[in-house]
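Quick notes on the structure that follows.
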Amino acid sequence: MQLLLIFGIGFAIAAVAFALQNNIPVTVSFAVWSFEGSLAIVLLMAVGLGALIAGLVSSPAMIKGQWSGVRSRRQLAELEKEKAAQGQRIRDLEQQLDKLHLQLQIVPEQPKPYVGLKTLLTAGDQPETKPQDDGVERLT
């Protein structure tokens with residue numbers, strides 16, 4: 001944008017210098033309209049009219065870009081608010097979960113001890129033992 005402005009200022013200076021060096025009377029005619037003046041004034045009016053037309057042609061695109069930027073910033077602000085609200089909700093739910101764990105005293109289940117294949121296969125074949133009064137186990 002700044003480069004374009006510098007280019008425009010340089011072009012305007014060159015146009016004024018050209019117009020001042022060519023100060024002869026000219027007649028400009030268009031359809032039924034006719035104008036007599038110096039070449040300097042005619043050139044400066046042509047440059048000014050060209051700048052005005054260029055500005056009018058480019059203004060809809062600039063306005064659309066500005067509206068789009070405003071809409072994007074507004075949407076970003078809304079999404080940031082929603083993100084903050086969701087983060088707060090997550091923190092609240094985590095606190096509630098911690099309270100429930102403390103209330104229920106949930107202890108992870110201990111894994112069952114390993115039972116070998118031999119024990120599994122022979123467990124049904126071994127006779128049961130019952131304790132007697134003397135503390136010695138006997139087969140029944």
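The values are calculated or read from the model by the stated rules, or taken from the named source; none is laboratory data. As the structure is a prediction and not an experimental result, all values here were calculated from the model. Here the Cβ is made from the backbone with ideal geometry for all residues, glycine too, and neighbour counts use every protein chain on show. Please note that ligands, DNA and RNA were not included when accessible areas were found on the heavy atoms of the full protein model with its side chains. Shrake-Rupley method; radii C 1.70, N 1.55, O 1.52, S 1.80 Å.
Table: residues versus (1) surrounded by 10 or more Cβ atoms within 10 Å (Cβ to Cβ); (2) in a helix (DSSP H, G or I); (3) touching a residue at least 60 places away in the same chain (Cβ under 8 Å); (4) aliphatic (A, V, I, L, M).
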{"site": "Leu20", "(1), (2), (3), (4)": "yes, yes, no, yes"}
{"site": "Val28", "(1), (2), (3), (4)": "yes, no, no, yes"}
{"site": "Gly37", "(1), (2), (3), (4)": "yes, no, no, no"}
{"site": "Leu43", "(1), (2), (3), (4)": "yes, yes, no, yes"}
{"site": "Gly55", "(1), (2), (3), (4)": "yes, yes, no, no"}
{"site": "Arg71", "(1), (2), (3), (4)": "yes, yes, no, no"}
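Looking only at residues that are within 15 Å of Ala46 (Cα to Cα) and of a type outside the set (Gly, Ala, Ser) in segment 4-18, which one is least open to solvent (accessible area, probe 1.4 Å)? Before the answer, list the steps.
At the first step, the residues of segment 4-18 found to be within 15 Å of Ala46 (Cα to Cα) are 8, 11-18.
Still in the running and of a type outside the set (Gly, Ala, Ser): 11, 13, 16, 18.
Values: Phe11: 116, Ile13: 112, Val16: 65, Phe18: 108 Å².
Taking the candidates together, the pick is Val16.
Check segment 79-87 and report whether any residue there is over 37 Å from the mean Cα position of the chain (by Cα) and among the acidic types (Asp, Glu).
No, every residue in segment 79-87 fails to be over 37 Å from the mean Cα position of the chain (by Cα) and among the acidic types (Asp, Glu).
From the set of residues in segment 101-140 that are open to solvent by less than 90 Å² (accessible area, probe 1.4 Å) and not in a loop (DSSP other than H, G, I, E, B), which is modelled with the lowest pLDDT?
Residue satisfying both the conditions and the ranking: Thr129.
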